[in-house]
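> The following block contains the structure, expressed as structure tokens.
The values are calculated or read from the model by the stated rules, or taken from the named source; none is laboratory data. Computed from a predicted structure; not experimentally measured. Positions of Cβ are generated from backbone atoms using ideal geometry, with glycine treated the same way; all protein chains shown enter the neighbour counts. SASA here: full protein model, heavy atoms, side chains in, ligands and nucleic acids out. Shrake-Rupley method; radii C 1.70, N 1.55, O 1.52, S 1.80 Å.
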Amino acid sequence: MPMSQTAASSIIDFLSIVEQLKRTKRTGWVNSGVAAPESIADHMYRMSIMAMLIQDNALDRTKCIKMALVHDLAEALVGDITPFDGIGKQEKAARERQAMREIVQTLGNSEVAQEIESLWLEYEHDTSEEAHLVHDLDKCEMIQQAMEYEASDHKQLDS
């Protein structure tokens with residue numbers, strides 16, 4: 001079935017939002033003086049690759065990959081808010097929830113929009129073993145990246 005012009009336009013609008021993840025550098029690395037910090041998209045991509053490498057039959061690997069792909073999606077609109085930005089956890093969560101509503105609305109009430117929102121909420125609330133794993137991957141990816149920056153930039157990063 002051919003895609004309607006409205007559906008195609010919605011997808012283009014959604015992808016334009018996602019593009020911001022490629023342009024937005026991770027705040028923690030910027031604040032640490034890393035010479036060429038990774039983008040949010042870089043981080044999400046490697047997390048997704050890490051999820052692909054999981055070999056645990058008790059987990060839904062595809063779900064983990066998808067969750068890694070969407071876990072920071074709200075940051076396309078709100079930016080990469082760190083604990084050092086002076087924004088409380090509740091305010092950060094509220095901003096990200098609103099951003100996800102806006103992002104999901106660009107795709108209408110489609111099945112994929114609902115899946116993205118559901119995966120994001122599951123991650124945010126850590127309501128499954130898959131979400132717990134993806135939280136662990138988030139930390140592991142950051143640690144891996146820190147070690148790589150320490151080696152490439154010849155500097156000690158704060159823990």
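> Just one of the numbered conditions (1) open to solvent by less than 30 Å² (accessible area, probe 1.4 Å); (2) touching a strand residue (DSSP E or B) at 6+ places or on another chain (Cβ under 7 Å); (3) polar (S, T, N, Q) is not true of Thr82; which one?
Condition not satisfied by Thr82: (2).
> So, in the stretch 77-124, exactly how many residues are of a type in the set (A, V, I, L, M, F, W, C), in contact (Cβ under 8 Å) with a residue 24 or more places away in the chain and farther than 17 Å from Met44 by Cβ?
Total satisfying the criteria: 3.
> Continuing with the same structure: If I ask for residues that are touching a residue at least 24 places away in the same chain (Cβ under 8 Å), more than 18 Å from Glu38 (Cβ to Cβ), buried (at least 17 other Cβ atoms within 10 Å of the Cβ) and out of contact with any Phe, Trp or Tyr (no Cβ under 6 Å at 6 or more places or on another chain), which ones from the stretch 60-73 would you list?
The answer is Lys63, Cys64, Lys66.
> Given the criterion open to solvent by less than 20 Å² (accessible area, probe 1.4 Å) and within 16 Å of the chain's Cα centre (by Cα), identify the matching residue among Glu96, Glu115, Glu102.
Only one candidate qualifies: Glu96.
> State which residue is nearest to Met52 (Cα to Cα) when the search covers only the stretch 108-134 and only residues that are assigned to a loop (DSSP other than H, G, I, E, B) and modelled with pLDDT under 95.
Top of the filtered list is Ser110.
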